[in-house]
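Peer 1: Got a structure for you, questions after.
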Amino acid sequence: MSEVISRSGPLFPFALFAVLWLFVTYSLTEKSGWFKLAKQYPNRREKPVLKLRFQSGWVGTVSGASIYRFEACPSGLRVGELKLFGVFTRDFFVPWSEIVVERKRKRLWNVVELRFKSCEGSLTLYEPVANRLARSVPGNWPEAVAFPPDTPLWAAWLVFRNWCLGIGILAAFFIVLPGLIGGKLGQFPPDALAVFGSMFGVIAVRDYFIRTR
């Protein structure tokens with residue numbers, strides 16, 4: 001018996017992590033309302049006109065970073081999730097006629113909330129992503145307005161503004177927070193500035209291509 005335990009000992013942390021991972025992903029999926037949406041709007045076999053992978057957004061109140069897949073089809077929107085994060089999820093397909101669109105501000109970003117008529121739930125997208133979906137299905141998107149691509153100059157200004165805003169918030173965190181705690185202003189470490197600047201730069205370049213495509 002002791003020999004069996006000793007052999008399985010090194011595997012215990014991995015088994016525990018797997019169990020915890022399944023528990024957390026199931027709990028978040030349940031909280032988001034994904035199961036209800038998949039039941040109300042089962043997936044359909046329809047060829048998409050636009051497929052966007054590794055997208056961020058909110059399903060209900062649960063957020064996900066670069067884990068969603070959105071597919072615009074002639075008759076509706078297909079929503080999927082990376083299986084690593086959505087072990088228990090199934091793709092769901094919402095007809096355009098079932099979607100109500102509301103544009104709003106969420107924290108620092110312009111977002112588009114898609115609410116569903118026949119099921120309590122919502123999907124919130126960043127505005128550039130929603131606009132790309134809207135442009136791919138002219139006449140079917142549930143808003144009677146046109147969504148031309150951002151001009152390169154305007155898109156560059158927006159992503160540069162967001163980049164500066166992100167760096168500014170981090171700098172304030174490193175400089176002002178020590179002053180609030182210890183009574184003396186801190187400094188923004190150069191290494192941290194380089195790391196976070198590069199990280200936000202990559203995000204900004206990605207956002208630029210999303211806005212201009």
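Peer 1: Semi-axes of the equivalent ellipsoid for segment 13-136, please: Cα gyration tensor eigenvalues, times 5, square-rooted, ordered largest first, whole Å.
Peer 2: Its equivalent ellipsoid spans semi-axes of 24, 16, 14 Å.
Peer 1: Residue-wise, which Karplus ³J(HN,Hα) couplings in Hz belong to segment 104-116, taking 6.51 cos²θ - 1.76 cosθ + 1.60, θ = phi - 60°, and x for glycine or proline?
Peer 2: For segment 104-116, the Karplus-derived couplings read 8, 10, 10, 6, 9, 10, 7, 10, 10, 9, 9, 9, 10 Hz, x marking Gly and Pro.
Peer 1: Now a separate question. How would Leu133, Leu11 line up from fewest to most surrounding beta-carbon atoms within 10 angstrom?
Peer 2: Ranked by crowding around the Cβ, least crowded first: Leu11, Leu133.
Throughout, read-outs are computed from the coordinates displayed, never taken from laboratory work. Treat the numbers as computed from the prediction; the structure is a model and nothing was measured. Heads up, the Cβs are rebuilt from the backbone with ideal geometry, glycines too, and the neighbour counts pull from every protein chain shown.
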